[in-house]
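Colleague: Take this structure first; my questions come after.
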Amino acid sequence: MVELWGRAVGRLRERLSPENFDVWFGPVECAGVEDSVVLLRIPNRFYADWISSHYLEMLLEWMRADSGDAKLAVRWEVDEALETSPRQSPSRASSRPEPPSLQRSRESAASAGLQPKYTFDSFVVGPSNQLAHAASIGISAPGSRRFNPLFIYGGVGLGKTHLVNAIGHRILEHQASARIVYVSAERFTNDFIWSLQNHRMDEFRDRYRQRCDALLVDDIQFLAGRDQTQEEFFHTFNALYHADKPIVVTSDSYPQAIRAMEERLISRFTWGLVADIQAPEMETRVAIIRKKAHVEGITLADDVAFFLAEHIKSNVRELEGTLIRLAVKASVDRRALDLPFAREALRAVLPVASSVTTVDDIQRATCEYFAIRLGDLKGHRRHKGVALPRQIAMFVCRRRLGVSFPQIGDEFGGKDHSTVISAVRKIGRLVEDDAEVRKHVETLERKLGF
Ligand code: ADP
Ligand code: MG
């Protein structure tokens with residue numbers, strides 16, 4: 001009867017990427033079937049949770065059909081002696097080399113496949129991410145290609161990776177057999193280079209084109225300047241797009257601002273919907289904190305939630321990290337996580353940069369937003385792609401920090417104060433008259449938490 005499990009899992013293997021399959025099913029052992037119960041041994045609870053939320057229904061359906069036993073169920077048994085890094089499956093146990101991504105996925109289960117906790121349920125929606133969220137739901141729906149491709153951009157730690165994972169989970173909820181390919185652009189690049197060098201491009205194309213029902217690529221800006229990988233991605237994109245498969249791409253800046261990216265790719269990114277994620281407003285930050293506390297089992301008074309949301313503005317990851325560190329500190333110090341404790345502890349745990357914004361913060365945020373180099377921002381090139389960001393950064397330094405014109409000049413690579421004055425005046429005018437510039441300034445300021 002153990003074959004019952006083997007056959008079901010064998011069918012699943014066809015549908016999953018090999019790395020995904022190995023990571024999750026490699027260590028699972030079927031110990032037998034008794035009284036309509038399939039006993040499965042796993043190294044820890046994590047496997048049970050993940051398999052249950054993704055593939056168990058389908059596996060059970062197959063096993064029930066296979067055995068003719070409609071009541072068939074599964075029982076998990078944790079056996080810590082089992083290897084968490086999966087053994088090689090027999091079919092691939094040969095000495096053939098493996099792509100780096102597969103090797104990496106053996107090291108850590110969490111690095112492969114979708115992140116179980118990044119779902120729509122755990123995502124808090126607010127004005128800052130409403131459009132990206134709605135579009136993400138939209139593209140996850142079967143047959144809905146109105147938003148295809150979906151391009152999501154925004155600063156660090158604002159929920160792009162979370163949303164992309166949620167899309168993957170939602171597509172699987174609609175269609176458990178969908179073959180989701182979720183990769184960072186970095187991993188796509190590594191896979192590509194490896195496959196080229198090892199003459200395995202057929203398999204590469206099979207994985208990313210033929211055997212792919214949805215392609216989710218995180219942090220596409222990584223492809224900047226990598227011409228050959230861009231070329232391959234271009235063809236991958238076309239194949240999937242014409243096969244009507246959903247494509248989702250994330251980036252740290254809007255398509256036109258990605259440095260060293262082929263024009264034809266940029267143009268394709270704008271074929272569907274381009275949605276941004278901004279730093280969340282106060283209300284959203286409070287909601288995120290509360291949700292996170294709930295998930296982590298942390299009891300959090302309202303005033304503490306507000307206090308944290310008030311002080312950590314630019315980045316959700318930091319907001320979450322601070323909450324966790326506070327909770328840990330409270331438990332180590334045996335103190336209640338109340339407002340006096342939070343006030344006292346926050347001074348110690350809050351990264352310095354986020355408490356007081358400096359000229360350097362503004363410069364870095366500007367570079368990140370416009371995807372240009374710090375050297376260029378402080379340099380003397382007058383090309384519009386760097387001159388406008390430079391002027392905007394000067395304007396924000398003046399308006400938000402009140403830094404003197406000569407000092408701004410110094411901080412921007414030794415420019416004359418009259419240059420600074422005219423830059424600040426110019427942007428001041430454009431903020432009134434030019435919607436695009438206004439949006440840049442507002443976005444940048446929001447990102448900095450002003
Ligand atoms: P990015 O990929 O944009 O850098 P992530 O998706 O990794 O950011 O998000 C950073 C952290 O913040 C994650 O733990 C994520 O779950 C959390 N997060 C971001 N936005 C939200 C949100 N709107 N609701 C709940 N959690 C969020
Ligand atoms: Mg990310």
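Colleague: Please tell me the relative contact order of the chain in percent, rounded to the nearest whole number, where contacts are Cα pairs under 8 Å and at least six residues apart.
Modeller: Values: 642 pairs, mean separation 57.4, N = 450.
Once normalised by length, the contact order is 13 percent.
Colleague: Hydropathy at least -0.5 by Kyte-Doolittle, axial extent at least 20 angstrom from the Cα trace: which helices of the chain, defined as entire DSSP H runs, fit? Working shown, then result.
Modeller: Details: long enough: 2-15 (21 Å, -0.64); 160-174 (21 Å, -0.23); 227-242 (22 Å, -1.01); 282-296 (21 Å, -0.32); 316-332 (24 Å, 0.61); 417-433 (24 Å, 0.08).
Span-like helices here: 160-174, 282-296, 316-332, 417-433.
Colleague: Expressed as a whole percentage, what fraction of the accessible surface of segment 256-323 belongs to carbon and sulfur atoms when a 1.4 Å probe is rolled over the protein heavy atoms?
Modeller: Working: 1550 of 3130 Å².
Carbon and sulfur: 49 percent of the exposed surface of segment 256-323.
Colleague: Normalised by the number of residues in segment 289-409, what is the relative contact order in percent for Cα pairs under 8 Å and 6+ residues apart?
Modeller: Values: 79 pairs, mean separation 21.2, N = 121.
Relative contact order of segment 289-409: 18 percent.
Colleague: I need the shape label for segment 190-243. Rule: rounded when a/c is under 1.5, else prolate if a/b > b/c, else oblate, with a, b, c from the alpha carbon gyration tensor.
Modeller: On the way: a/c = 1.77, a/b = 1.06, b/c = 1.66.
Oblate.
Colleague: Something else now. Determine one quarter of the surface area of the Cα convex hull of the chain, which equals its mean projected area, and express it in nm² to one decimal.
Modeller: Working: hull surface 101.6 nm².
That works out to 25.4 nm², a quarter of the Cα hull's surface.
Colleague: Largest first, what is the accessible-area ranking of 242, 162 with a 1.4 Å probe? Provide the component values of the computation, followed by the final result.
Modeller: Numbers: 242 140, 162 30 Å².
The residues order as 242, 162, largest area first.
Colleague: Can I ask one more? Which FRET efficiency value, to the nearest 0.05, do you get for residue 156 and residue 310 by plugging their Cβ-Cβ distance into 1/(1 + (r/R0)^6) with R0 = 25 Å?
Modeller: Working from the Cβ atoms, E equals 0.75.
Colleague: Please list 69, 360 from largest to smallest accessible area, probe radius 1.4 Å, with all protein chains kept in place. If you can, show how the numbers build up before the last one.
Modeller: Working: 69 40, 360 60 Å².
Ranking 69, 360 by accessible area, largest first, yields 360, 69.
Colleague: While we're here: Using only helices, what value at 222 nm comes out for the chain when you add -39,500 (n - 2.57) per DSSP H run of length 4 or more and divide by the total residues, to the nearest 500 deg cm²/dmol? Mind dumping the intermediate values first?
Modeller: On the way: 22 runs with 243 residues, N = 450.
Theoretical 222 nm ellipticity from helices: -16500 deg cm²/dmol.
Colleague: Ranked from the most accessible area to the least, with a 1.4 Å probe and all protein chains present, what is the order of 118, 208?
Modeller: Values: 118 65, 208 5 Å².
These residues rank, largest area first, as 118, 208.
Colleague: Return the lysines within reach of residue 329: Cα separation strictly under 22 angstrom, same-chain partners fewer than 8 residues apart disregarded; answer none if there are no such residues.
Modeller: 291, 292, 313
Colleague: Also, I was wondering about something else. May I ask you to list the trypsin sites (Lys or Arg not before Pro) in segment 238-323 that are in a DSSP loop and have at most 14 other Cβ atoms within 10 Å of their Cβ?
Modeller: Hits after loop and neighbour filter: 259.
Colleague: Which FRET efficiency value, to the nearest 0.05, do you get for residue 438 and residue 78 by plugging their Cβ-Cβ distance into 1/(1 + (r/R0)^6) with R0 = 45 Å? Before the final figure, lay out each step's value.
Modeller: On the way: r = 56 Å, r/R0 = 1.25.
According to the calculation, E is roughly 0.20.
Colleague: Related question: From the Cα gyration tensor of segment 365-450, with a ≥ b ≥ c the square roots of its eigenvalues, which class applies: rounded if a/c is under 1.5, or else prolate if a/b is larger than b/c, or else oblate?
Modeller: Working: a/c = 1.36, a/b = 1.19, b/c = 1.15.
Here segment 365-450 falls in the rounded category.
Colleague: Report, for the chain, the % of DSSP beta bridges that are antiparallel, rounded to 5. Working shown, then result.
Modeller: Numbers: 5 of 28 bridges.
Of the beta bridges lying entirely in the chain, close to 20 percent run antiparallel.
Colleague: Working from the pairwise distances between different alpha carbons, so that the mean of 1/r is found and then inverted, what is segment 2-82's Kirkwood radius in Å?
Modeller: Values: mean 1/r = 0.0787 Å⁻¹.
For segment 2-82, inverting the mean 1/r across all distinct Cα pairs yields 12.7 Å.
Colleague: If you roll a 1.4 Å probe over the heavy atoms of the protein chains, what accessible area per residue do you get for the chain, in Å²? Before the final figure, lay out the partial values.
Modeller: Working: 21210 Å² over 450 residues.
That works out to 47 Å² per residue.
The values are calculated or read from the model by the stated rules, or taken from the named source; none is laboratory data. Keep in mind that what you see is a predicted model, and the values were worked out from it rather than measured. Note: ideal-geometry Cβ built from the backbone for every residue, glycine included; neighbour counts use all protein chains shown. Surface areas here come from the heavy atoms of the whole protein model, side chains and all, with no ligands, DNA or RNA. Shrake-Rupley method; radii C 1.70, N 1.55, O 1.52, S 1.80 Å.
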